[in-house]
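> Let me give you the structure first, and then I'll get to my questions.
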Amino acid sequence: MTQAWRRFLEIYEPLRPALYRFCRYLSRSPWDAEDLVQDTLARAFATLGALAEPPRDPRAWLFRVASNLWIDHVRRRGERPTDATPAAEANPAATATGAPDRGTREAAGTLLVQLSPQERAAVVLKDAFDLGLDEIAQILSTSVGAVKAALHRGRGKLTEPDPDVPRTPAPGALDEFCAAFNARDLDRLTALLLDHATVEVVGASTFYGAISARGTVLTGMLFGSRRMAAPADGGRGDGMDPRFAQGVLPEPPRFELRFHRGEPLLLSWYAHHDGEFVRAISLVELSSDGDRVARLRNYFYTPEIIVELCGELALPCRINGTFRARGDA
């Protein structure tokens with residue numbers, strides 16, 4: 001299994017930025033896009049073992065896996081995209097070198113709010129990735145004629161983006177959580193979690209319950225910078241490539257509450273020899289009464305999320321690569 005996983009990473013991990021960009025256009029938010037990326041890679045790894053021969057075009061095959069997962073998800077829930085998250089570019093040149101900034105996306109009038117899943121995927125693959133009709137038909141498991149029809153319908157439904165989402169006041173529990181983190185008060189942080197809370201380092205590990213999270217994720221979030229800064233280890237013991245830890249100081253990071261499109265985020269600022277940089281972003285879901293944390297998702301091993309959101313917030317950032325279990329790096 002270790003050898004198979006290593007071979008998978010060698011071929012497919014370099015395609016992760018393109019996969020994230022594709023998922024980002026399909027999905028409603030960077031968080032949904034990252035979930036789709038994780039699901040796609042997991043499905044791809046599990047499926048490869050059953051294939052008679054490896055895919056001839058790994059990127060196109062990943063796009064096919066992602067498309068199928070996303071279309072199935074949307075159809076199961078009976079959803080239609082309805083929010084102001086960009087899905088495809090009206091100008092393919094704007095995306096030729098990578099994910100565009102928010103201003104470029106929205107200035108192009110890129111929201112595809114009324115498209116069916118197949119229409120949206122077809123427009124994204126053609127206008128954002130400039131794939132041929134035959135390639136798109138293969139990815140979407142349909143005919144060239146159906147792709148042409150989907151493109152015609154989809155492009156006819158392009159609308160202007162909605163105004164920015166208004167900011168709502170952050171619940172007091174988020175301020176409390178920030179204050180406890182910045183005071184390095186592990187007891188208080190633990191007390192602010194529900195007993196059955198879910199705490200996740202996205203793409204790496206998930207823990208259930210406040211006590212379990214205390215000794216792993218919370219401790220790592222508070223004091224992991226010491227391990228990252230250790231020259232003999234450089235972070236390898238926790239699945240981090242040593243090159244990403246260069247310049248990190250052993251000082252504990254600090255939390256800052258910021259808003260992105262009206263949604264509160266907790267940013268983790270890490271001290272470096274050349275200044276402070278955001279290295280992680282956390283999403284917090286509160287209990288029904290708003291007093292404690294029901295779910296915490298820490299986006300540390302998600303470089304595309306960090307770069308996209310910090311770019312939109314005009315904040316300096318450093319990435320940590322993606323998670324690799326011990327022995328697989």
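> Which pairs do you get when a residue that is assigned by TED's automatic domain parsing to the domain that holds residue 282, found in segment 183-203, comes within reach of a residue that is hydrophobic (A, V, I, L, M, F, W, C) and in a strand (DSSP E or B), reach meaning Cβ atoms under 6 angstrom, with the pair 6+ apart or on two chains?
192/293; 193/293; 194/294; 197/293; 197/294; 199/207; 199/296
> Output the residue which, of all residues in segment 175-205 that are in a helix (DSSP H, G or I) and in contact with a strand residue (DSSP E or B) (Cβ under 8 Å, 6 or more places away or on another chain), is farthest from residue 219 (Cα to Cα).
Only one residue tops the list, namely 175.
> Also, quick follow-up: Do you know which residues across segment 204-215 are within 19 Å of residue 35 (Cα to Cα) and without any contact (Cβ under 8 Å) to a residue 12 or more places away in the chain?
206, 207
> May I pose another question? Can you pull out the residues in segment 110-127 that are at pLDDT below 80 and aliphatic (A, V, I, L, M)?
111, 112, 113, 115
> Read through the list (1) of a type outside the set (Phe, Trp, Tyr); (2) closer than 19 Å to residue 71 by Cα; (3) surrounded by fewer than 20 Cβ atoms within 10 Å (Cβ to Cβ); (4) modelled with pLDDT under 85, then give the number of the only condition that residue 148 fails.
Going through the list (1) of a type outside the set (Phe, Trp, Tyr); (2) closer than 19 Å to residue 71 by Cα; (3) surrounded by fewer than 20 Cβ atoms within 10 Å (Cβ to Cβ); (4) modelled with pLDDT under 85, residue 148 breaks only (4).
> From 80, 16, 43, 76, grab the single residue that is modelled with pLDDT of 85 or more, closer than 24 Å to residue 142 by Cβ and either surrounded by 14 or more Cβ atoms within 10 Å (Cβ to Cβ) or not acidic (Asp, Glu) (or both).
Exactly one of 80, 16, 43, 76 is modelled with pLDDT of 85 or more, closer than 24 Å to residue 142 by Cβ and either surrounded by 14 or more Cβ atoms within 10 Å (Cβ to Cβ) or not acidic (Asp, Glu) (or both), namely 43.
> Quick one: count up the residues across segment 137-150 that are part of a loop (DSSP other than H, G, I, E, B) and either outside the structural domain of residue 65 (by TED's automatic domain parsing) or not small (Gly, Ala, Ser) (or both).
2
> Any chance you could count how many residues in segment 280-306 are more than 15 Å from residue 256 (Cα to Cα), buried (at least 18 other Cβ atoms within 10 Å of the Cβ) and polar (S, T, N, Q)?
Final tally of qualifying residues: 1.
> For segment 151-165, which positions are assigned to a loop (DSSP other than H, G, I, E, B) and either modelled with pLDDT of 55 or more or among the aliphatic types (A, V, I, L, M) (or both)?
Those that are assigned to a loop (DSSP other than H, G, I, E, B) and either modelled with pLDDT of 55 or more or among the aliphatic types (A, V, I, L, M) (or both): 156, 157, 158, 165.
> State yes or no: is residue 264 farther than 23 Å from residue 248 by Cβ and surrounded by 17 or more Cβ atoms within 10 Å (Cβ to Cβ)?
yes
> Could you check, for segment 24-31, whether at least one of its residues is hydroxyl-bearing (Ser, Thr, Tyr), in contact with a Cys (Cβ under 9 Å, 6 or more places away or on another chain) and not assigned by TED's automatic domain parsing to the domain that holds residue 305?
No; the residues of segment 24-31 include none that is hydroxyl-bearing (Ser, Thr, Tyr), in contact with a Cys (Cβ under 9 Å, 6 or more places away or on another chain) and not assigned by TED's automatic domain parsing to the domain that holds residue 305.
> Where the second residue is buried (at least 22 other Cβ atoms within 10 Å of the Cβ) and not aromatic (Phe, Trp, Tyr) and the first is touching a residue at least 60 places away in the same chain (Cβ under 8 Å) and part of a loop (DSSP other than H, G, I, E, B) and lies in segment 125-136, which pairs have Cβ atoms under 6 Å and are six or more apart or on separate chains?
131/125
The values are calculated or read from the model by the stated rules, or taken from the named source; none is laboratory data. For clarity, every value in this text was computed on a predicted model and none was experimentally measured. Neighbour counts are summed over all protein chains in view; Cβ atoms, including those assigned to glycine, are modelled from backbone coordinates with ideal geometry.
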